[in-house]
Every structure is written in structure tokens, then in C-alpha cells.
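Below is one structure, written out as C-alpha cells; comments come after it.
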Amino acid sequence: MRGETKAIISGIGQSDIGRRLFRSGHELTVDACLDAIADAGLTPADIDGIATYPGAMGTPGGFSPSGVPDVQEALRLRLNWYNGAAENPGQLGSVVTACAAVAAGYARHVLCFRTVTEGSAQGTKGRSIVTAGGGGGGGHRADGFMQWLLPYGAPSAANWIAMYAQRHFYEYGTTREQLGQIALNCRANAARNPKAVYRGPLTMDDYLGARMISSPLCLYDCDVPCDGSTAVIVSAADTTPDLRKSPIHVLAVGSALHGRNSWDQFDDLTTMALRDAATMMWCRTDLKPSDVDAVEVYDGFSFIALAWLEALQFCAKGEGGPFLEGGKRIALDGELPLNTNGGQLSAGRLHGYAFLHEACTQLWGEGGDRQITRQPEVAVAAAGGGNLAGCLLLGRS
């Protein structure tokens with residue numbers, strides 16, 4: 001038996017979401033965690049594990065204001081196991097790790113969470129360039145991989161992902177109009193999501209006329225910094241009788257990295273680490289891409305979502321552009337509904353956890369106005385771009 005099949009998702013929770021809430025990150029975290037615990041029909045006394053990504057970090061501002069000790073203290077938890085680390089396979093790597101802990105018997109109910117206050121950290125000013133190294137400007141001395149990127153004027157993931165997109169455009173003839181369907185689809189779905197940051201209409205003319213950020217990526221290809229917290233409960237499968245509702249089954253996980261752990265030196269610059277994570281996931285199940293009813297994949301930049309569609313084998317390598325043509329396939333009523341909550345491009349940048357939350361929401365039939373009309377049975381939740389990625393295949397009871 002594959003270890004992850006011993007784990008289930010028993011509850012989900014989410015705090016208020018907003019562009020700038022100016023609320024404490026700890027407060028938002030507690031809101032989401034208590035929401036998830038109640039959704040599972042549990043109490044804090046039942047929680048014996050915590051997992052989060054990347055753990056508390058002070059830099060860059062608002063990136064991760066809460067870690068394991070904060071939640072343990074706030075909820076007075078007695079833990080048998082915990083994990084909070086940045087070197088995980090994508091933001092959902094913490095959930096994959098929680099599944100392993102439950103399967104190994106280290107914990108029975110693991111509270112997984114991710115909190116951001118990046119919107120408020122910017123104050124009332126516009127979005128600033130934030131580097132993975134956490135700095136920039138006068139007096140900053142780069143180290144690590146940033147020392148090789150800053151001399152070329154590439155301080156941001158916007159530059160690095162644009163490099164992948166540009167190569168894909170060159171190799172396969174992908175166009176901005178095709179890529180733009182991801183942004184348009186996210187905005188259409190966000191209009192149905194009361195928690196989404198941006199819900200107003202977006203047209204192709206709006207998209208093509210927006211200012212360029214890093215060619216070929218324009219403003220609407222970039223995610224929206226916001227404030228909010230998301231939590232999920234990973235439980236042992238044999239706890240099902242104790243839960244409030246039928247659980248979501250973890251059918252397979254993907255966390256592999258076979259290429260180089262590098263943003264700019266990956267072996268194939270038309271794809272990313274998500275290629276290896278997706279391949280691993282499909283190797284751990286008898287299901288096929290054609291069995292999937294809902295796809296919730298990371299769109300920190302729109303090209304990452306295109307790369308996930310190819311890596312997850314919903315279309316052949318290099319055919320992401322034609323697959324997206326016209327936008328009908330990925331629409332809420334299409335053959336492969338994509339990012340039904342509006343994704344990070346319109347709903348807000350919640351760093352991966354929101355995709356898992358939305359996948360479970362759809363499988364439980366709790367999507368409200370954005371619910372897929374044909375009840376989904378199988379969904380994919382995936383997060384990460386560049387040199388990190390993780391994904392889960394989920395099934396409804």
C-alpha cells in the first residue's frame with residue numbers, strides 16, 4: 001500500500017482574505033486553524049501534529065509571519081510531531097510530509113497551515129520588487145544564487161519565470177493570446193468567489209494592453225499579494241468514524257526533483273521541477289489524467305499554470321498554448337475546470353495552500369456559485385514553480 005493512501009483530508013479552513021487587511025498574521029492564522037479544526041469535527045485537543053511552509057520568516061515582509069511555535073502556543077497543543085521548513089517540495093510539500101507522518105503513525109491529526117500578510121507589508125504603496133534573497137538596493141550584498149542573477153538585472157521571480165515562458169514561446173510557438181486565457185479564466189472564476197481580491201471583468205484587450213513586467217509576462221500574468229491564512233487537517237484514514245463529514249482521500253503525491261535544483265540552470269528551460277513531481281504522482285496511481293474533474297494548480301505567474309498542465313499530461317509537451325486557445329477547455333463549465341477560485345492571479349497569492357483548499361471545496365460540493373456543475377470525483381492540487389514543486393491527487397469518498 002502506498003503510504004499516502006493512509007492519509008485523508010478531514011477539514012479545511014480559511015481566514016478573511018484581502019489585499020491589505022492590516023491585521024496580525026498570528027490572528028489570521030488562528031482564525032484559519034480553528035476553522036479547519038471545527039470543519040473536521042475535532043477540537044484542539046485532538047491535534048497532535050503541525051506542518052507548515054516555510055516556518056516563521058521576518059524577510060521578506062509578510063512572507064510568513066507565523067510558524068509552528070506560534071500556533072502551538074496559541075492553541076495550547078500537545079504535539080507528537082511537527083515540521084516547518086523552507087526546503088520542502090513546494091508549498092504543499094508540508095502537506096506531503098504530514099501525510100508521511102500520519103502514515104508512519106507519528107501523529108493522528110496534523111494541522112497544516114500557511115499564512116501571508118504580504119499585502120499589508122507593502123503599506124499603501126504599490127507592489128515592490130522582492131527577491132528570493134530578501135533584499136536589494138543600497139548596502140545589500142548578494143550571496144547564494146542571487147549573486148549570479150543580480151548582475152544581469154534579474155532580481156525577481158518575474159524575471160526568472162519570464163525566461164521559461166520566453167523559451168516556451170520560442171520552441172513551440174506559444175502566443176500571448178493563448179497564455180492570456182489563464183488570466184481571463186481566473187478573473188471569470190474570481191467573480192464568483194466572494195473572498196477574491198479582484199472580481200471585476202477582464203478582457204483580452206485589457207490583458208494585451210497592460211504594462212509589460214518581464215517579457216512576455218504582463219501585469220495580469222503576475223499574482224496578487226494579499227493577506228490571509230489557509231489551513232487543512234491531515235488525518236489518519238482510520239479516524240474517519242470520528243469526523244464530521246466524509247473525508248477526502250489522498251490517492252497519490254508527487255515530490256520528486258530529478259533535474260538541477262536551480263532557477264536558471266534547469267536541464268529544460270521550457271519546464272520546471274513540476275515536471276518531475278507530476279511524473280512521480282502519476283506513477284503512484286492507476287488513475288489517469290482523463291479521470292481528473294478539477295485542476296487547481298499554482299499560478300504565481302500564468303506560465304507556471306501552463307507548465308503544470310503539460311507536466312500533469314492534460315496536454316502533450318509544447319501543446320499548452322493550443323490547449324488553452326479560446327479558453328473553453330479550462331472554463332468552469334469546460335472539460336477541465338482550472339483554478340475555480342480565481343487562482344493567485346485574481347483571488348490572491350496564498351502560496352499554494354489555497355489550491356488544496358479549493359480542490360477539497362469542489363470535491364465536497366461546497367463551492368457555491370463557483371461549484372463545478374458535474375460533481376467532481378477526482379481533483380489535483382499542485383503548487384510551486386521554478387526549482388520546487390509538489391502535488392496531490394485527491395478523491396471524494
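In table form, for the structure just shown:
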{"quantity": "Residue pairs meeting the criteria (Cβ under 9 Å; at least 6 apart or on separate chains; first open to solvent by 20 Å² or more (accessible area, probe 1.4 Å), in the range 307-324; second assigned to a loop (DSSP other than H, G, I, E, B) and among the polar types (S, T, N, Q))", "calculated": "Lys317/Thr270; Lys317/Thr271; Pro322/Thr174"}
{"quantity": "All positions within the range 355-397 that are open to solvent by less than 10 Å² (accessible area, probe 1.4 Å), closer than 27 Å to Gly259 by Cβ and not small (Gly, Ala, Ser)", "calculated": "Phe355, Leu356, Val380, Cys391, Leu392, Leu393, Leu394"}
{"quantity": "Only listed residue being touching an Asp or Glu at 6+ places or on another chain (Cβ under 7 Å) and closer than 27 Å to Gln375 by Cα, chosen from Ala307, Ala252", "calculated": "Ala252"}
{"quantity": "Selected residue (only one of Gly368, Gly390, Gly385 is small (Gly, Ala, Ser) and either within 22 Å of Leu217 (Cα to Cα) or free of Cβ contacts under 8 Å to residues at least 40 places away in the same chain (or both))", "calculated": "Gly385"}
{"quantity": "All positions within the range 325-335 that are under 13 Å from Gln371 (Cα atoms) and crowded, with 18+ Cβ neighbours inside 10 Å", "calculated": "Ala331, Leu332"}
{"quantity": "Scan of the range 193-232 for residues that are in contact with a helix residue (DSSP H, G or I) (Cβ under 9 Å, 6 or more places away or on another chain), acidic (Asp, Glu) and either open to solvent by 20 Å² or more (accessible area, probe 1.4 Å) or not in a loop (DSSP other than H, G, I, E, B) (or both), ordered by number", "calculated": "Asp206, Asp221, Asp227"}
{"quantity": "Some residue of the range 181-190 being among the small types (Gly, Ala, Ser), touching an Asp or Glu at 6+ places or on another chain (Cβ under 8 Å) and surrounded by 18 or more Cβ atoms within 10 Å (Cβ to Cβ)", "calculated": "yes"}
{"quantity": "Counted residues, the range 45-64 - those being open to solvent by 40 Å² or more (accessible area, probe 1.4 Å) and either in contact (Cβ under 8 Å) with a residue 40 or more places away in the chain or farther than 13 Å from Phe113 by Cβ (or both)", "calculated": "6"}
{"quantity": "Ala236 being small (Gly, Ala, Ser) and surrounded by 23 or more Cβ atoms within 10 Å (Cβ to Cβ)", "calculated": "no"}
{"quantity": "One residue from Leu350, Leu332 being aliphatic (A, V, I, L, M) and either under 18 Å from Ile17 (Cα atoms) or within 16 Å of the chain's Cα centre (by Cα) (or both)", "calculated": "Leu350"}
{"quantity": "Test: residue in the range 245-257 that is in a loop (DSSP other than H, G, I, E, B), small (Gly, Ala, Ser) and over 28 Å from Arg349 (Cβ atoms)", "calculated": "yes"}
{"quantity": "Residue list for the range 65-80, filter: open to solvent by 40 Å² or more (accessible area, probe 1.4 Å) and touching a Leu at 6+ places or on another chain (Cβ under 8 Å)", "calculated": "Gln72"}
{"quantity": "The range 378-397: number of residues that are under 17 Å from Ile330 (Cα atoms) and either among the small types (Gly, Ala, Ser) or in a loop (DSSP other than H, G, I, E, B) (or both)", "calculated": "3"}
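The values are calculated or read from the model by the stated rules, or taken from the named source; none is laboratory data. All figures in this text were calculated on a predicted structure; none of them were measured in a lab. As a convention, Cβ positions derive from the backbone with ideal geometry for all residues, glycine included, and neighbour counts pool all protein chains shown. Ligands, DNA and RNA are stripped out before the accessible areas are found, and what is left, the full protein with its side chains, is counted by its heavy atoms. Shrake-Rupley method; radii C 1.70, N 1.55, O 1.52, S 1.80 Å.
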